[in-house]
Amino acid sequence: QEHIQKVNAFQAESLEQVEAFRIEYLGKKGLLKEFFASFKSVPPEQKKEYGQALNTLRQAAEEKVNQLKDELGASQSVTGPGMDLTRPGDALAEGSRHPISLVRQKIIDIFSRIGFNVSEGPEIEDDWHNFTALNLPEYHPARDMQDTFFIETNPDLLLRTHTSSVQVRYMENHTPPIRTISPGRVYRNEAISARSHCFFHQVEGLYIDKGVSFADLKQTLQYFTTELFGKSRIRLRPSYFPFTEPSAEVDVYWGLETETDYRMTKGTGWLEIMGCGMVDPNVLKNCGIDPEEYSGYAFGMGIDRIALLLYQIDDIRLLSENDLRFLKQFKSEL
Ligand code: PHE
């Protein structure tokens with residue numbers, strides 16, 4: 001009788017407590033087993049009453065365990081009385097890709113389709129890979145074209161000013177045919193404004209094989225701008241880079257003839273998007289490639305600049321400020 005009262009009064013706060021209770025009464029070595037075992041020694045005239053009491057106790061204990069398990073379990077499972085299915089859910093904070101990553105990936109995809117692989121190198125470079133191997137010996141005035149952040153001056157360690165340094169490393173370690181693009185961050189000591197920053201991103205490309213000509217370069221550039229901007233017209237203006245000869249700057253016509261013109265609210269006309277040229281024989285020699293046997297072209301462009309164009313962004317600083325109101329606008333892009 002005493003135990004029946006105890007069982008009926010039992011309350012639990014956790015499933016662990018219910019389980020402990022179950023083991024105490026209904027377990028293999030529990031109280032009920034014990035009581036049934038002593039049934040033999042009960043005097044015959046009391047057997048009936050004793051047996052009934054035991055059965056009541058067992059039933060009570062079983063019911064209690066099931067009832068408590070239901071109550072406690074329900075508040076922990078997905079359905080049942082503990083759950084309010086009408087409560088609004090918590091919104092998942094979904095990120096978006098950065099416009100630089102988007103454009104970088106677009107460029108990589110376009111060149112992968114025509115057999116270019118992706119190569120990378122260090123952002124902290126030495127003088128040889130950033131300048132000297134590229135036909136810019138010490139005291140060459142063209143070094144001033146790219147204002148450099150030096151880390152040390154002897155030996156010369158610097159933040160790379162272009163990813164042409166990766167191309168040097170690639171040529172030193174591979175034999176032609178070479179078809180590689182080198183995306184990465186570069187640094188120049190320039191005042192920060194809406195148009196320029198002290199760091200930005202480039203993709204440079206390099207193609208070296210037997211008999212590569214300027215016509216191959218031009219055709220590849222036309223393919224590239226068409227893939228990136230839609231049907232487009234390009235023009236090559238003669239230019240100068242120490243590491244290419246001849247050199248040119250590439251303009252794309254941004255206006256009525258491009259499919260992308262609906263994106264533009266202002267700034268139609270010829271816009272410069274990259275530099276390019278035939279790799280100077282001296283550079284090939286510096287990197288262990290015989291210029292009598294091989295020739296090649298190289299080009300380089302700024303990802304940030306192209307992102308400004310493609311997405312109509314009017315301030316380059318937005319690309320590095322991590323303002324969520326800006327970044328969220330690229331959610332729909334993949
Ligand atoms: N390295 C040049 C720059 O950073 C771009 C370039 C690359 C030009 C390859 C010609 C050939 O401005």
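The values are calculated or read from the model by the stated rules, or taken from the named source; none is laboratory data. Predicted model, so just to flag it, every value in this text is computed and none were measured. Note: areas computed on protein heavy atoms with side chains; ligands, DNA, RNA excluded. Shrake-Rupley method; radii C 1.70, N 1.55, O 1.52, S 1.80 Å.
Springs join every pair of Cα atoms under 10 Å in this Gaussian network model of the chain, and among Asp280, Asp251, Asp314 the largest mean-square fluctuation is at Asp314.
Within the same chain, lysines fewer than 8 places from Lys210 are excluded, and of the rest, those with a Cα less than 16 Å from its Cα are Lys285.
Looking at the stretch 172-234, what % of the alpha carbon pairs are farther apart than 21 Å?
Numbers: 934 of 1953 pairs.
Value for the stretch 172-234 (Cα pairs over 21 Å): 48 percent.
Among DSSP bridges having both ends in the chain, what percentage is antiparallel? Round to the nearest 5. Looking only at bridges with both residues in the chain, the antiparallel portion is about 95 percent. Here Lys69 is the anchor, and the lysines within straight C-alpha reach of less than 30 Å, apart from those fewer than 8 places off in the same chain, are Lys6, Lys28, Lys29, Lys33.
The alpha-carbon of Lys106 sits under 20 angstrom from the alpha-carbons of these lysines, leaving out residues fewer than 8 places away in its chain: Lys218, Lys231, Lys328, Lys331. Across all directions, the average projected area of the convex hull around the alpha carbons of the chain is 31.1 nm². With the biggest extent put first, the Cα atoms of the stretch 109-171 measure 41, 20, 19 Å across the principal axes. Atom-type composition of the exposed protein surface of the chain places 51 percent of the accessible area on carbon and sulfur (1.4 angstrom probe).
Based on protein heavy atoms only, the chain ends up with 57 Å² per residue of surface accessible to a 1.4 Å probe.
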